[in-house]
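Peer 1: Handing you this structure, nothing more for now.
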Amino acid sequence: MIFVLGIFGVFLFYTVAFTEDPYEKFLLIIPVFFLTVYTGTRFNVGGYDYHVYKYFYELPAFQNPYGYELFFVLFRDILKFIGLNYNYFLLFLSLISNFFIYKLFISYSSYATLSFLIYLSTFYYWHNFTIIRNFIAILIFWISLKYIIERKFIVYISLITLACFFHKTAIILYPFYFLLNYRFTKKSLILLYLFSFVINPLSFFIFKFNISFLGLSERLNRYRHIVEHGNFFEFSELFIFTIALIFFLKDYTNKENVIINLNVFALFIFITFYRFAIILRFLEYFRLGVFVGIPLLLFNIRNKHLKYIMLSLLFMYLTFKYYDTITAYAIYNYKTWLI
């Protein structure tokens with residue numbers, strides 16, 4: 001438990017004590033290094049998926065009983081060929097993912113240390129301890145946002161195709177090259193969300209689609225009988241935050257517009273597919289909008305005292321969220337193979 005609380009304490013300290021000048025942004029690499037070791041050397045932590053991926057990783061080359069995507073199988077076989085066992089496989093994944101997250105937060109966030117704290121308190125364990133295959137595709141999408149902003153269509157499409165060969169769900173990301181660059185007006189946003197409410201009763205039709213690419217229809221049919229709706233608490237958080245972004249931010253850049261639109265479309269998906277929690281897994285691709293959007297919103301508050309009050313309230317809320325997260329995923333049982 002000391003490791004679990006310690007890693008949160010380190011990022012909380014950095015967020016409170018450090019500013020965002022270039023030198024201190026560079027110093028963020030220190031807690032990111034500890035986070036990498038902490039994540040990458042976990043032992044028997046990550047629920048059912050930890051053991052599933054361990055079994056899969058230890059199979060002979062080319063064996064794929066779960067029908068995982070081609071590039072993930074090749075990725076496993078290459079790392080095994082160079083001599084990495086499952087423990088070092090997880091460490092390698094942690095090194096790569098945390099490096100790219102660090103670069104993304106430095107590039108997109110108004111306050112990178114706060115973005116890390118938000119991520120650690122909410123979805124970090126889910127992404128890095130559980131949905132490993134999906135998270136590789138998510139990271140590729142987050143990296144590809146640069147090419148949406150720069151209007152490099154071929155590069156974006158190539159990266160999304162790569163993501164599809166790690167996780168089939170990335171197929172939904174092709175049209176977002178155009179959608180995330182769109183500048184919504186208040187009227188168009190109202191129409192978008194009215195449309196989501198209208199089609200919500202028809203959302204079950206997604207299970208009827210015949211999408212042969214990467215066998216996506218087969219995967220949808222496998223989950224069609226899972227009856228579980230979305231989390232209302234999570235929906236309320238996203239709803240309040242997205243509305244605040246839309247109404248309080250003015251004169252934002254193209255980069256900020258993409259970040260705002262990640263939340264706009266996340267809320268659209270949440271409303272549309274609220275009745276099917278399994279479909280809401282698509283929301284994982286849009287989480288970067290929250291991690292980067294909250295600092296963007298807070299640091300556009302001009303009143304200094306109000307800004308500090310909001311930050312203090314956020315720190316308290318993130319402490320609660322972190323406790324809730326480590327309890328929900330039993331992370332308090334964390335063990336490392338280093339000691």
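Peer 1: Collect the residues in the range 1-50 that are of a type in the set (D, E, K, R) and either modelled with pLDDT of 85 or more or assigned to a helix (DSSP H, G or I) (or both), keeping them in residue-number order. Step through it out loud before you land on a result.
Peer 2: Initial filter on the range 1-50 (of a type in the set (D, E, K, R)): 20-21, 24-25, 42, 49.
The answer is E24, K25, R42, D49.
Peer 1: Another question about this same structure. Among the residues of the range 262-269, is any among the β-branched types (V, I, T) and either under 30 Å from E150 (Cα atoms) or modelled with pLDDT under 90 (or both)?
Peer 2: Yes, because at least one residue in the range 262-269 is among the β-branched types (V, I, T) and either under 30 Å from E150 (Cα atoms) or modelled with pLDDT under 90 (or both).
Peer 1: OK, next. For the structure I just gave you, tell me whether F89 is under 23 Å from I7 (Cβ atoms) and touching a residue at least 60 places away in the same chain (Cβ under 8 Å).
Peer 2: no
Peer 1: A further question follows. Out of the helices (runs of 4 or more DSSP H) lying entirely within the range 251-339, which hold 2 or more residues that are open to solvent by less than 80 Å² (accessible area, probe 1.4 Å) and either touching a Lys or Arg at 6+ places or on another chain (Cβ under 8 Å) or over 25 Å from T113 (Cβ atoms) (or both)?
Peer 2: Output list reads 254-272.
Peer 1: Only residues that are free of Cβ contacts under 8 Å to residues at least 24 places away in the same chain and either among the aromatic types (F, W, Y) or buried (at least 17 other Cβ atoms within 10 Å of the Cβ) (or both): list them for the range 34-54, please.
Peer 2: Y48
Per-residue answers, yes or no, for (1) in contact with a helix residue (DSSP H, G or I) (Cβ under 9 Å, 6 or more places away or on another chain); (2) among the small types (G, A, S); (3) open to solvent by 40 Å² or more (accessible area, probe 1.4 Å):
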site: I30; (1), (2), (3): yes, no, yes
site: F56; (1), (2), (3): yes, no, no
site: Y66; (1), (2), (3): yes, no, yes
site: I78; (1), (2), (3): no, no, yes
site: I82; (1), (2), (3): no, no, yes
site: Y88; (1), (2), (3): yes, no, yes
site: F92; (1), (2), (3): yes, no, yes
site: I101; (1), (2), (3): yes, no, no
site: I118; (1), (2), (3): yes, no, no
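Peer 1: So, one more: Which number in (1) buried (at least 20 other Cβ atoms within 10 Å of the Cβ); (2) in contact (Cβ under 8 Å) with a residue 24 or more places away in the chain; (3) farther than 20 Å from V52 by Cβ marks the one condition that F153 misses?
Peer 2: Unmet for F153, out of (1) buried (at least 20 other Cβ atoms within 10 Å of the Cβ); (2) in contact (Cβ under 8 Å) with a residue 24 or more places away in the chain; (3) farther than 20 Å from V52 by Cβ: (1).
The values are calculated or read from the model by the stated rules, or taken from the named source; none is laboratory data. Since the model is a prediction, treat every value here as computed from it, not as a measurement. Reconstructed Cβ throughout: ideal geometry from the backbone, glycine too, with neighbour counts over all protein chains shown. To get the accessible areas, we keep the full protein, side chains included, count just its heavy atoms, and leave off ligands, DNA and RNA. Shrake-Rupley method; radii C 1.70, N 1.55, O 1.52, S 1.80 Å.
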